[in-house]
Amino acid sequence: MRLSRYFLPVLKETPAEAQIASHRLMLRAGMIKQQQAGIYSWLPLGFKVLRKLENIVHEEQIRAGHVPMLMPTLQPADLWRESGRYEDYGEEMLRITDRHGRDMLYGPTNEEMITDIFRAHVSSYKDLPLTLYHIQWKFRDEIRPRFGVMRGREFFMKDGYNFDVDYAGAMHAYNRHMVSYLRTYERMGLQAIPMRADSGPIGGDNTHEFLVLAETGESEVFYDSAITDLKLGDREIDFDNWDEVSAICTEWTTPYARTDETHDAAAFAEVPQDRRKSSRGIEVGQIFYFGTKYSEPMGATVQDGDGNKVPVHMGSHGIGVSRLVGAIIEANHDEGGIIWPEGVTPFHAGIVNLRQGDAETDGACESLYKALTAAGLEPLYDDRSERAGAKFATMDLIGLPWRITVGPRGLKTGVIELTSRRTGESEELAPEAAVARLTEIYAGHM
Ligand code: P5A
């Protein structure tokens with residue numbers, strides 16, 4: 001993409017309404033525009049990151065054996081009357097009436113709708129296990145939308161629903177989700193710690209939230225620092241192997257880690273003192289097992305192996321995809337702007353032309369642009385007639401992990417400069433060598 005043809009409305013001023021870094025930076029970098037409290041347009045740069053996260057979520061869900069689909073944002077109130085949640089959900093539910101006077105709502109979550117789909121089409125245990133998911137906009141009329149996309153009213157969520165014939169099967173689904181979520185966050189360059197939590201309006205007693213440690217997080221958390229040393233890395237995981245998946249969950253749930261809702265001071269006191277940490281965290285996902293809470297009142301049953309009709313065991317599992325954009329920035333920024341992890345960056349490298357209009361410099365930038373594109377990478381070429389300082393400031397603000405600076409002085413000796421956004425370190429090398437280096441860096445992230 002050439003910057004002269006892109007739409008990147010960066011702001012010079014720091015927006016006064018933004019209280020935390022990620023919100024400020026998303027506005028300044030032209031990623032989002034607020035349309036109403038808690039409702040945002042995703043401008044091209046923000047949209048690109050959102051799509052990258054969505055793709056990672058899809059890939060990891062499919063890897064775990066879960067099946068993608070799409071449900072609508074608007075739901076009939078009657079489904080929620082069946083489960084009893086139409087009244088219970090309260091003021092957070094946006095209620096709408098259509099021209100025929102029918103009660104509808106903008107879905108805050110989809111347990112009822114998916115249960116309705118299931119009961120219409122599945123009746124035998126032979127069709128189980130089954131996990132369906134979608135990535136769709138949700139609406140919760142939060143009393144205090146704040147921090148930009150972190151606590152929006154309209155937000156993008158991946159929500160998955162497992163259907164199993166019994167408790168043991170449903171617990172395997174729960175564990176499978178935990179492991180697939182750990183992989184998902186790691187690919188995004190984040191460490192998200194599963195913590196015992198409270199289930200709220202979704203229901204059930206078994207639930208874990210995934211928290212990214214950050215001072216600006218809304219949750220108070222208590223944990224054994226040993227958990228921050230755990231990494232999945234690139235281990236091969238067989239998601240159908242119950243014992244293997246369960247062992248990984250045991251690894252991650254053995255060190256103490258709880259939110260304030262379930263904090264147990266006595267158990268925490270047993271953690272060696274130098275490892276006892278409390279801080280704040282951003283909730284980027286939550287998984288639930290709630291058994292037959294929806295299947296029983298809504299009549300979602302299957303015939304089990306003995307021919308008995310039993311209500312299906314269910315859980316639901318959510319990832320806050322739009323919130324993650326903010327969470328990643330909270331964990332990766334400095335005074336100059338955002339620092340994208342390589343796995344989620346909107347463009348792989350920025351090209352800065354120091355002498356726009358100079359035939360040789362323009363030519364070198366063009367060939368670099370073509371070579372990077374041919375290598376399967378997406379460069380963002382700053383081809384505007386701006387001062388070098390302004391171009392550098394824009395690149396720093398939007399946070400591409402690598403910057404290639406091209407100027408007449410370097411070209412005299414056949415070199416360009418490759419700079420890491422994270423370390424600030426620069427290296428002079430031939431353009432072909434820079435392309436080869438970037439290809440290698442991104443090989444693990446494609
Ligand atoms: C699980 C999927 C559920 O709704 N039903 C379907 C279950 N869980 S949840 O914890 O309430 O939400 C899942 C994740 O969505 C994100 N989230 C939000 N993101 C931005 N703004 C909001 N107002 C908001 N509310 C929830 C969180 O990341 C949460 O973990």
Quiz item: Which condition number in (1) part of a strand (DSSP E or B); (2) surrounded by fewer than 20 Cβ atoms within 10 Å (Cβ to Cβ); (3) β-branched (Val, Ile, Thr) is the one that ILE143 fails?
Solution: (1)
Quiz item: Given the conditions (1) touching a Gly at 6+ places or on another chain (Cβ under 8 Å); (2) farther than 24 Å from HIS333 by Cα; (3) surrounded by fewer than 22 Cβ atoms within 10 Å (Cβ to Cβ), and given that ARG187 satisfies all but one, which numbered condition is not satisfied?
Solution: (2)
Quiz item: Counting only residues that are in contact with a Lys or Arg (Cβ under 7 Å, 6 or more places away or on another chain) and under 25 Å from ILE338 (Cβ atoms), which one in segment 403-446 is surrounded by the fewest Cβ atoms within 10 Å (Cβ to Cβ)?
Solution: GLY407
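Counting residues that are within 17 Å of SER4 (Cβ to Cβ) and without any contact (Cβ under 8 Å) to a residue 60 or more places away in the chain, which helices (runs of 4 or more DSSP H) fully inside segment 358-446 reach at least 3?
359-374, 388-398
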Quiz item: What pairs come up if the first residue lies in segment 84-112 and is in contact (Cβ under 8 Å) with a residue 40 or more places away in the chain, the second is away from the ligand (no atom under 13 Å from the Cβ) and among the acidic types (Asp, Glu), and their beta carbons are under 9 Å apart, counting only those six or more places apart or on different chains?
Solution: GLU112/GLU82
Practice problem: Taking LYS277 as meeting all but one of (1) away from the ligand (no atom under 16 Å from the Cβ); (2) assigned to a helix (DSSP H, G or I), write down the number of the exception. | Solution: (2)
Quiz prompt | Top-ranked residue in segment 113-127 [being in contact (Cβ under 8 Å) with a residue 12 or more places away in the chain and out of contact with any helix residue (DSSP H, G or I) (no Cβ under 7 Å at 6 or more places or on another chain); ranked as nearest to the ligand (Cβ to nearest atom)] | solution = ILE114
Quiz item: Counting just the residues of segment 280-301 that are more than 21 Å from ALA257 (Cα to Cα) and in a strand (DSSP E or B), which one comes out nearest to the ligand (Cβ to nearest atom)?
Solution: PHE290
Practice problem: Can you work out which of the residues in segment 218-242 that are within 16 Å of the ligand (Cβ to nearest atom) and at pLDDT below 95 is surrounded by the fewest Cβ atoms within 10 Å (Cβ to Cβ)? | Solution: GLU218
Self-check item: Filter pass, GLY107 being under 29 Å from LEU27 (Cα atoms), within 12 Å of the ligand (Cβ to nearest atom) and among the small types (Gly, Ala, Ser)
Solution: yes
Practice problem: Among residues belonging to segment 148-164 that are buried (at least 23 other Cβ atoms within 10 Å of the Cβ) and within 21 Å of ALA21 (Cβ to Cβ), point out the one that is nearest to the ligand (Cβ to nearest atom). | Solution: GLY152
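Would segment 143-158 turn up any residue that is within 15 Å of SER316 (Cα to Cα) and in contact (Cβ under 8 Å) with a residue 40 or more places away in the chain?
yes
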Practice problem: Provide a single number: the residues in segment 313-339 that are near the ligand (Cβ under 6 Å from one of its atoms), within 15 Å of THR184 (Cβ to Cβ) and not in a helix (DSSP H, G or I). | Solution: 3
Quiz item: Among the numbered criteria (1) more than 28 Å from ALA170 (Cβ to Cβ); (2) hydroxyl-bearing (Ser, Thr, Tyr); (3) touching a strand residue (DSSP E or B) at 6+ places or on another chain (Cβ under 7 Å), which single criterion is violated by THR301?
Solution: (1)
Quiz item: Condition test on THR109, is it of a type in the set (S, T, N, Q), within 28 Å of LYS309 (Cβ to Cβ) and touching a Lys or Arg at 6+ places or on another chain (Cβ under 7 Å)?
Solution: yes
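The values are calculated or read from the model by the stated rules, or taken from the named source; none is laboratory data. Quantities reported herein were computed from a predicted structural model and do not represent experimental measurements. As a convention, Cβ positions derive from the backbone with ideal geometry for all residues, glycine included, and neighbour counts pool all protein chains shown.
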